[in-house]
Amino acid sequence: MNMKYLLSALLFVMLSQSLSANDGAFFAKGNQLIPINETSISVKKEILSLKKVRDKFIEVSVYYEFYNPKDEKEITVGFEAFSPDGDVDGAPKNGQHPYMRNFTVNMNGKNLTHQIAYVADTLYNNNGKIKSIDLNKFEGSKSGNYVDFFYVYHFKAKFKKGINIIKHTYSYDLSGSVDFHYDFEYVLTAAKRWQNKQIDDFTLILDMGEFETFNIAKGFFKNASEWTINGVGKTENQKSHFLNKEVLRFHIQKGTIAFSKKNFKPADELFVYAQNVMLNEGYIPFSYFQEERIKEPKSEFDKKVFRNLPFARRGYVFKDKQVQQFYQQLDWYMPNPNYLPDLQKLTERERKWIAKWK
């Protein structure tokens with residue numbers, strides 16, 4: 001049975017969780033591709049890949065397999081990219097969302113062109129056609145920290161009978177706050193707006209980089225056993241006081257993590273965040289971005305611990321019992337008896353770090 005769909009959000013939400021609006025930036029909110037028209041098309045498969053790059057932006061790559069049970073048909077497909085607010089300017093840049101770049105769509109091997117509409121509310125869908133506002137005549141706010149419109153990226157998609165493959169990519173700037181070094185959300189529940197109200201075969205792959213500690217809120221998944229670590233890492237259950245819910249904390253030395261599920265009917269969204277660590281004496285964080293928050297050493301032993309951080313991150317089992325005892329009590333430490341320290345295999349940044357504390 002065909003159903004009429006309204007667009008909701010697509011893309012990432014870079015969302016400040018602090019109490020003060022000036023503490024961070026709320027960049028956008030959104031979800032995956034959804035139909036503007038009524039449709040009998042279903043989502044057979046989706047592979048959603050998210051890669052964090054230099055703590056600056058996220059590269060998004062989505063592979064879809066849609067099934068059209070009837071004759072060839074053309075429908076409008078799109079997503080909403082909500083305007084940013086907070087410590088940012090929501091005005092368009094070159095006619096596009098100010099914090100999104102490199103948007104592409106390829107369908108059945110052919111690159112598709114897309115259009116961008118500015119809309120002031122969710123009632124822009126007029127029988128499958130998008131009613132765009134004229135910014136030159138628009139009387140609401142068009143720039144600054146808060147704007148009164150958002151963006152709809154949309155394109156015509158001709159679905160042949162049977163399986164149709166869509167590949168969709170873009171990059172998006174990260175946001176943060178006093179509490180969060182970065183955070184982002186991806187609205188998974190929008191998948192239920194297609195005909196089958198689910199994703200028959202869903203895979204989510206997250207590449208957050210090396211030596212990263214981050215959290216994923218529980219909601220669309222329940223247990224750590226539902227995730228696979230393709231590399232070296234570990235997990236632990238936590239209670240987030242910021243979110244007031246259970247989260248799964250990942251310590252990833254290298255590699256990616258993946259979540260897969262058949263007949264996936266997401267009950268909640270993906271929310272990933274890295275918390276700014278409140279550093280106490282006796283704790284050194286796993287993630288590189290926290291190094292600047294480490295307090296100056298008070299003793300020669302502290303300096304020795306600092307010098308050995310790159311090796312501890314790789315699981316080196318120290319012969320110095322005091323150093324080993326220090327790292328053994330840290331939540332992220334993963335001992336690897338087979339790892340042999342090699343200064344030449346460290347990054348230039350790590351070698352400078354070691355030299356700093358000699």
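The values are calculated or read from the model by the stated rules, or taken from the named source; none is laboratory data. A quick note: this is a predicted structure, and the numbers were derived from the prediction, not measured. Note that each Cβ is placed from the backbone with ideal geometry, even for glycine, and that neighbours are counted across all protein chains shown. Note: accessible area is taken over every heavy atom of the protein model, side chains too, but ligands, DNA and RNA are not part of it. Shrake-Rupley method; radii C 1.70, N 1.55, O 1.52, S 1.80 Å.
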Measure off 7 Å from each Cα along the Cα-to-Cβ vector at Lys298 and Lys137, then give the distance between these two points in nanometres to one decimal. 6.9 nm
Sorting check: for 346-355, 190-199, which peptide has the highest mean count of neighbouring beta carbons within 10 Å, and how do the rest follow? 190-199, 346-355
Net charge of Cβ neighbours under 10 Å - reference Ala157; Lys, Arg +1; Asp, Glu -1: +2
Along the Cα→Cβ direction, 7 angstrom out, place labels at His241 and Lys265. What is the inter-label distance in nm? 3.8 nm
Which three lengths, in whole Å and largest first, does region 203-330 cover when its Cα atoms are put on their principal axes? 56, 29, 21
How would you order 304-314, 80-90 from highest to lowest mean count of nearby Cβ atoms within 10 Å? 80-90, 304-314
By how many nm would the segment from Asp87 to Asn126 lengthen if fully extended, with 0.36 nm per residue of separation less the alpha-carbon distance? 10.7 nm
Looking at region 106-147, which trypsin sites (Lys or Arg not before Pro) are in a loop (DSSP not H, G, I, E or B) and have at most 15 other Cβ atoms within 10 Å? Lys131, Lys137
Is it possible to state the helix-based mean residue ellipticity at 222 nm for the chain, with each DSSP H run of 4+ residues giving -39500 (n - 2.57), the sum divided by total residues, to the nearest 500 deg cm²/dmol? What is it? -2000 deg cm²/dmol
Whenever you get a sec, compute what percent of the accessible area on the chain sits on carbon and sulfur atoms (1.4 Å probe). 47 percent
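Any idea what the alpha-carbon Rg over 2.2 N^0.38 Å comes to for the chain?
Ratio of Rg to 2.2 N^0.38 Å for the chain: 1.12.
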So, in nm, how far is label Leu112 from label Ala224 when the simple model puts each one 7 Å beyond its Cα toward the Cβ? 4.1 nm
